[in-house]
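The values are calculated or read from the model by the stated rules, or taken from the named source; none is laboratory data. Treat the numbers as computed from the prediction; the structure is a model and nothing was measured. Cβ coordinates were reconstructed from backbone atoms using ideal geometry, including for glycine residues, and neighbour counts include every protein chain displayed.
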Amino acid sequence: MNKRKMYFHMITASLIRRRSRMLVALLSIAIGAAILSGLVTIYYDVPRQMGAQFRNYGANMIFTPSDGSFTSADIEQGKSYIDSADIVGVTPYRYESVRIRELPVMAAGTDMQQAKLTSPYWSVEGEFPSAPGQMLLGANLAEQFRLGAGDTETVSFTPESDGGEVVADNMLDLTITGVLETGGPEEDYVYLWLSDLESLTGQSGKVDLAELSISANSEKLNQYADTISGSVPAVSARLVKRVTESETTVLTKLQALVLLVTVVVLALTMICVATTMTAVVAERRKEIGLRKAIGASNAGIIKEFMGEGMLLGAVGGIIGSILGFIFAQQVSINVFSSSISFIPLLVPITILVSVAVTGISCLLPIRSATQIDPALVLKGE
Amino acid sequence: MSLLELKNIYKIYGDLHALDDVNLKVEKGEWLSIMGPSGSGKSTMMNIIGCMDKPTKGEVLLDGVDISRENAKNLTAIRRDKIGLIFQQFHLVSYLTAIENVMLAQYYHSVPDEKEALEALDRVGLADRAKHLPSQLSGGEQQRVCVARALINYPEIILADEPTGNLDDANEKIVVDLFHKLHNDGTTLIVVTHDPEVAEVAQRTVFLRNGKLHKETINENFTGEIKFDK
């Protein structure tokens, strides 16, 4: 057995054969490392998770025409400047005044599937229209006309006349698949497929507004908006400030909180490890005295105790990485209702941080170990 | 030249003279016992001879070199290279096996050698207990491991502090017999003891009282033969 082998044998034997004592230190390091790695995982995953949460509050960008109106092609062009992975939904809207039972109502022609994505907060009693020929009726209109899901109603539109001629109404029979409840102005609208509205009005291609839901931070959103406004002349891209700003504020506060908790946990781990190691040194005073009596130098004592501490730190870091991921996963599932992505780089970082934290925590106890008098191993001490 | 020479040694703590003008010579290969009541200065003398303390005044010559003015680092090196220690309470590392405890002394001295450590355990009759932890050994066996550890680096002096103080009669005999063997092999032995029967088997016994060398007796009947029997 060479000297290095004996050294590793001694530090591992000390940890394994004295496991009841070292378990306390290992547990505190593992818990510290678990919380650290878990919180850092959450810290990096929170923007994604929160972004997904905020998408529930609706669109965070709006395309309006720079001059009058724009077309679906303009929206597609604007969309091309956004990273497709960031796009949650893009919903065009065209508004026209139509009539139901001779009473004027506002109709919004849209892509119903996309509307579902950009307005996830919409509550529909019944079904979302899945194909043209179907419509969604605002709750106020449903009450006014005493209509509900499953009813069919005729929607009419009077085309503009040239020179005062009487023009016949365009009419379309549409099936109501659901009643829309939002608690907002949407309840006064009737929502139909854009293609139905176009056939009703006899005009196609025109769009008044597009709502976009994009999964990105405010900085990136601003970049997208600037690029699109500058590159697509017909489109003016704006951010929905109340959504993007509250998202940024909440994220900043949440990340600061996670950072603060991480620092506190690190400090607590260091205190815990330092306390345990102090107890270990006190418990092993005679052993340290013996080692010094039979020829161990102070450097040798430091090397041995630091080795034990770092080995503990490494093992604690490995256990902590695993527990940390489980912890982060549980937090994510319970708070955000979605699973978290594993960050492989976090494993070596957690181990290194654990080793470093344990090493720093061991400094004072080890210093006191070097001051132990070897003479204490003699009788009477 | 004596292997060890204490010249006018004083150790003073405030008003207390733990050692008061002590002069002592130990020849190479000699077996010396140190006796005295509690508080007589035995432990202080052990600490100084064992390079674990320094005298307030006086010279300690080991192999002709004054070690009384050496710094802690050099004293550690001298202790490691020239002195083998045996303790009353054995002081084995609880999580290392018997052979690993012996190799620990080699580790600090030079290079651990399992074969040599096993031979040392064999000399104390414990080769078959090499892989046992101290908790699995009797008190006598633990003390024999301690002896094996003390002799593994071929020290100039073996310093034993109440080596039989925690042993029953049978184990006391085994340890004293081991001292006979070591002495016959040419090892210098300094044994501090309360037990007159253990002291009497040495070649020479010095008595300490109130920090002074009170008297000295020579064992006229010393032959080096093993005849310790209680």
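I'd like to verify a number: residues in segment A:17-33 that are within 8 Å of another protein chain (Cβ to nearest Cβ) and in a helix (DSSP H, G or I), how many? Give the derivation first.
Of the residues in segment A:17-33, the ones within 8 Å of another protein chain (Cβ to nearest Cβ) are A:17-18.
Pick out the ones that are also in a helix (DSSP H, G or I) and you get A:17.
Residues in segment A:17-33 being within 8 Å of another protein chain (Cβ to nearest Cβ) and in a helix (DSSP H, G or I): 1 in total.
Only residues that are in a loop (DSSP other than H, G, I, E, B) and closer than 19 Å to B:V175 by Cβ were counted in segment B:119-136, giving 5. Just so you know, in segment B:150-168 the residues that are out of contact with any Phe, Trp or Tyr (no Cβ under 6 Å at 6 or more places or on another chain) and among the charged types (D, E, K, R) include one that is nearest to B:R123 (Cα to Cα), and it is B:E156.
Pairing each residue of segment A:68-84 that is among the polar types (S, T, N, Q) with any residue that is surrounded by 16 or more Cβ atoms within 10 Å (Cβ to Cβ), provided the two are 6+ apart or on different chains, yields C-beta distances under 7 Å for A:S69/A:K206; A:S69/A:V207; A:S69/A:D208; A:T71/A:K206; A:T71/A:V207; A:S72/A:P92; A:S72/A:V207; A:Q77/A:V232.
For segment B:195-230, taking the residues that are farther than 18 Å from B:K181 by Cβ and either part of a loop (DSSP other than H, G, I, E, B) or of a type in the set (F, W, Y) (or both), the one that is modelled with the highest pLDDT is identified as B:F207.
Go through segment A:1-11 and give me each residue that's part of a helix (DSSP H, G or I), more than 22 Å from A:T278 (Cβ to Cβ) and either out of contact with any helix residue (DSSP H, G or I) (no Cβ under 8 Å at 6 or more places or on another chain) or more than 10 Å from chain B (Cβ to nearest Cβ) (or both). If you could, list the steps in order and put the result at the bottom.
Let us first name the residues in segment A:1-11 that are part of a helix (DSSP H, G or I), namely A:3-11.
So of that shortlist, the ones also more than 22 Å from A:T278 (Cβ to Cβ) come out as A:3-9.
Result: A:R4, A:K5, A:F8.
Scanning segment B:128-156 for residues that are surrounded by 16 or more Cβ atoms within 10 Å (Cβ to Cβ) and more than 14 Å from chain A (Cβ to nearest Cβ) gives B:R129, B:L137, B:G140, B:E141, B:R144.
Among residues of segment B:157-194 being surrounded by fewer than 21 Cβ atoms within 10 Å (Cβ to Cβ) and among the polar types (S, T, N, Q), the one that is modelled with the highest pLDDT is B:N184.
Can you pull out the residues in segment A:142-158 that are within 12 Å of A:E181 (Cα to Cα) and either in contact with a strand residue (DSSP E or B) (Cβ under 6 Å, 6 or more places away or on another chain) or outside the structural domain of A:D196 (by TED's automatic domain parsing) (or both)? Once the filter is applied, which keeps residues that are within 12 Å of A:E181 (Cα to Cα) and either in contact with a strand residue (DSSP E or B) (Cβ under 6 Å, 6 or more places away or on another chain) or outside the structural domain of A:D196 (by TED's automatic domain parsing) (or both), segment A:142-158 yields only A:A142. Yes or no: A:S37 under 18 Å from the mean Cα position of the chain (by Cα) and more than 14 Å from chain B (Cβ to nearest Cβ)? For A:S37, the condition - under 18 Å from the mean Cα position of the chain (by Cα) and more than 14 Å from chain B (Cβ to nearest Cβ) - is met.
Those helices (runs of 4 or more DSSP H) of segment A:268-381 in which at least 1 residues are away from chain B (no Cβ under 14 Å), considering only elements entirely within it, cover A:298-331, A:346-370. For segment A:154-251, the strands (runs of 3 or more DSSP E) that sit wholly inside it and include 2 or more residues that are at pLDDT 90 or above, out of contact with any helix residue (DSSP H, G or I) (no Cβ under 8 Å at 6 or more places or on another chain) and not hydrophobic (A, V, I, L, M, F, W, C) are A:170-181.
Tell me whether segment B:45-53 contains one or more residues that are more than 7 Å from chain A (Cβ to nearest Cβ) and charged (D, E, K, R). Scanning segment B:45-53 turns up no residue that is more than 7 Å from chain A (Cβ to nearest Cβ) and charged (D, E, K, R).
What residue, among those in segment B:70-81 that are within 11 Å of chain A (Cβ to nearest Cβ) and out of contact with any strand residue (DSSP E or B) (no Cβ under 9 Å at 6 or more places or on another chain), is farthest from B:D53 (Cα to Cα)? Step through it out loud before you land on a result.
First pass over segment B:70-81, keeping only residues within 11 Å of chain A (Cβ to nearest Cβ): B:72-81.
Within this subset, residues satisfying the condition of being out of contact with any strand residue (DSSP E or B) (no Cβ under 9 Å at 6 or more places or on another chain) are B:72-77, B:80-81.
Values: B:A72: 9, B:K73: 12, B:N74: 12, B:L75: 9, B:T76: 11, B:A77: 14, B:R80: 15, B:D81: 17 Å.
The extreme case among them is B:D81.
Going through (1) surrounded by fewer than 18 Cβ atoms within 10 Å (Cβ to Cβ); (2) within 14 Å of chain B (Cβ to nearest Cβ); (3) basic (K, R) one by one, A:K241 falls short only on (2).
Figure legend. Inter-residue proximity from segment A:219-230: first residues of a type in the set (S, T, N, Q), second residues not in a helix (DSSP H, G or I), beta-carbon distance below 6 Å, spacing 6+ or different chains. Indicated pairs: A:T227/A:Y81; A:S229/A:S236; A:S229/A:A237. For A:T278, the conditions (1) in contact with a Lys or Arg (Cβ under 8 Å, 6 or more places away or on another chain); (2) in contact (Cβ under 8 Å) with a residue 40 or more places away in the chain; (3) of a type outside the set (A, V, I, L, M, F, W, C) are fulfilled apart from (1).
Tell me, please, whether a residue that is at pLDDT 90 or above, under 15 Å from the mean Cα position of the chain (by Cα), away from chain A (no Cβ under 12 Å) and surrounded by fewer than 19 Cβ atoms within 10 Å (Cβ to Cβ) can be found in segment B:29-37. Yes.
Restricting attention to segment B:82-127, the residues that are within 27 Å of B:N166 (Cα to Cα), facing chain A (nearest Cβ under 8 Å) and surrounded by fewer than 18 Cβ atoms within 10 Å (Cβ to Cβ) total 1. Criterion applied to A:P120, A:P104 was being farther than 14 Å from A:G178 by Cβ and assigned to a loop (DSSP other than H, G, I, E, B), and the one residue passing it is A:P120.
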